[in-house]
Amino acid sequence: MVDKVRELALKVLYKMDKDNSYSNLLLNDTINKIRKEKDKKETNKKEVNKKNENKNNENNNNKVNTKNNLDNRDIALISEIVYGVTTWKLTLDEIIKKYSKLKLNKLSLWILNILRLSIYQIVFLDKIPKSAAVNEGVNLAKKYGNRGSIGFTNAVLRKVTKKDYEDFFLIKEENKRLSFCYSMPLWIIEELKDEGFSYDKVEDFCKASILRPKVSIRVNNLKTNKKDLKTILEKEKIKSEDGILEDFLILNKVSNLENLEAFKNGLFTVEDEVAGLSALVLEPKEQETLLDACSSPGGKTTYLAEIMKNKGEIFAFDVYEHRTKLVDENCKRLGINIVKTKVNDASCYNEEYKNKFDKILLDVPCLGIGVLKRKPDIKWQKKEKDIEEISKLQLDILDTCSKYLKPGGEIVYSTCSIFRKENRDIIEKFLEKNSNFKLDNLYNILNEKIYNKDKFFIQYLDKENNGYLEVLQNEKTDGFFICKLKYIKEN
């Protein structure tokens, strides 16, 4: 009999490869279906048992059997397998290559992913016996393969041990060793080195990309405060601790946050701290007119509004209507009414907005290399050739939106990437053409104006001019780039 948990994980992994879909979307859809089915069965069970009780029926045969229902531990294992296989795909494939006489592209997607999820359990999950991982993998092969693939799956899995992974650390060639040990595409490692990152920094980046991200939330001070929110979370048996930034909490061992009443009532937003930092660096004030030119899904937009105490005006652009609707939904949940969403391409100039805004936030589209621990799919979906296209778009957006700023105004440019071609290179090209702008010094902002525990973010400032904040992925935050430009005079 096929194990239901592993089968559901396999279906998610298969669909990801087949449709080039993102793991978080497919996983959330799968988990939501499980929870709905579980709630439905629990409701039916109560109704049947209540009827039996009323009839004084001692015969239990009519009661609903929930023995095979998936519980929270099953859901956690599905998430563990899907997330783990997605994170470690390159490394797992290298182990398969070691023992397979067939090339990977000759294997069916079903068998390939059965091998991946089974090897992930053998190598990286200590609590699952190898025998269980092998047997369940073979059972899946019986259902999703043929007679030949059953024997093939069995033969490969029985040869795999934890030593297969340990051997990767003995590889002498640096780039290849980093790639295999941390499941990082070679082109990303080479790009970082070409851009001047040291071996140690590249290795730290790779190590951080396989960490499990912490869950950080931002307190909505329009509706509550940190102390009261902590109390509310404690009643839900959710432990929290103060984050690096004043308005943030770090939650321990929590899932399904969107179903909490505190979330539905708009008491907090799920957001990584370094993403929230870009809004703080902009230093929005009450009654100002702001632009968030790439706003969806609205995390930074709503933080700007909260800092402004919901007083002033924020224009929130995005290219697609369904994305601006996400911003509207977040604003409604959080009790924010100063945001005006508009479907607008930030790279295309619109005379209507010339010199209109006091401050502008440009969290531009990027490759997302700074959030690999949160979205490991990016490693396999993005390619080296994408850098040129995305960097051109980023510069176009900055050039265009700079014309919307009032003289004396400020722009924060940020990305969740760490490639310098997407960040400082863009800023330097812009400043070469625009002498009416200058790069702001972020040291005073981070040291005096923004509370950040232990001056955490200062360590990531560019030491030459303090104008670039280049946060590498680490155990506390995602990777991010932030800088601030001031409009000092008319051209």
Binned at 20 Å from zero, the C-alpha pair distances of the chain give percents of 21, 49, 26, 4, 0
Semi-axes a, b, c in Å (a largest) for the stretch 372-429, each sqrt of 5 times a Cα gyration tensor eigenvalue, come to 26, 13, 9
Here the stretch 343-359 yields Karplus 3J(HN,Hα) values (6.51, -1.76, 1.60; θ = phi - 60°; whole Hz; Gly and Pro given as x) of 6, 7, 7, 5, 8, 10, 5, 10, 4, 4, 9, 4, 6, 8, 10, 6, 8
For residue 211 and residue 343, extending 7 Å from Cα along the Cα-Cβ vector and measuring point to point gives, in nm, a value of 4.1 nm
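Looking at the stretch 310-384, which chymotrypsin sites (Phe, Trp or Tyr not before Pro) are in a loop (DSSP not H, G, I, E or B) and have at most 16 other Cβ atoms within 10 Å?
On the way: sites: 315, 317, 320, 349, 353, 357, 380; in loops: 320, 349.
Passing both the DSSP loop test and the Cβ count: 320, 349.
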Rounded to 0.05, the calculated FRET efficiency for the beta carbons of residue 158 and residue 126 at R₀ = 25 Å is 0.85
Under the helix-only model (-39500 (n - 2.57) for each DSSP H run of 4 or more, divided by the residues of the chain), the mean residue ellipticity at 222 nm, to 500 deg cm²/dmol, is -14500 deg cm²/dmol
Taking placed amide H atoms and a strict 5 Å upper bound, the residues 5 or more places from residue 437 or on another chain that come that close are 488
With the 8 Å Cα cutoff and a minimum separation of six or more residues, the chain has a relative contact order in percent of 12 percent
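Mind ordering 265-275, 336-346, 112-122 by average Cβ neighbours within 10 Å, highest first? List each step's numbers first, then the result.
On the way: 265-275: 21.8, 336-346: 18.3, 112-122: 25.8.
Descending mean neighbour count gives 112-122, 265-275, 336-346.
With the Cα gyration tensor of the stretch 305-395 in hand, convert its eigenvalues to equivalent ellipsoid semi-axes via √(5λ) and list them largest first in whole Å. Walk me through the intermediate numbers first.
Numbers: eigenvalues 154, 70, 29 Å².
For the stretch 305-395, the ellipsoid semi-axes come out as 28, 19, 12 Å.
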A correct Stokes-Einstein calculation for the stretch 100-192, using the alpha-carbon Kirkwood radius, 4 °C and 1.567 mPa s, returns a whole-number D in µm² s⁻¹ of 90 µm²/s
Quarter of the surface of the C-alpha convex hull for the stretch 215-269, i.e. direction-averaged projected area in nm², equals 3.3 nm²
Note, the stretch 257-272: 3J(HN,Hα) by Karplus (6.51, -1.76, 1.60, θ = phi - 60°), whole Hz, Gly/Pro = x, goes 4, 5, 8, 6, 4, 4, 6, 4, 8, x, 7, 7, 10, 7, 7, 5
Taking Rh as the Kirkwood radius computed over alpha-carbon pairs of the stretch 273-487 and applying Stokes-Einstein at 37 °C with viscosity 0.692 mPa s, one gets a diffusion coefficient in µm² s⁻¹ of 189 µm²/s
Output row, site residue 392, 7 Å Cα→C-beta label point, backbone N cut-off 17 Å, window the stretch 346-377, residues 346-349, 365-367
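Bear in mind these aren't lab numbers, they're just calculated from the coordinates by the rules spelled out. Just so you know, these numbers come straight off a predicted model, no measurement behind them. We place every Cβ from the backbone using ideal geometry, glycine too, and count neighbours over all the protein chains shown.
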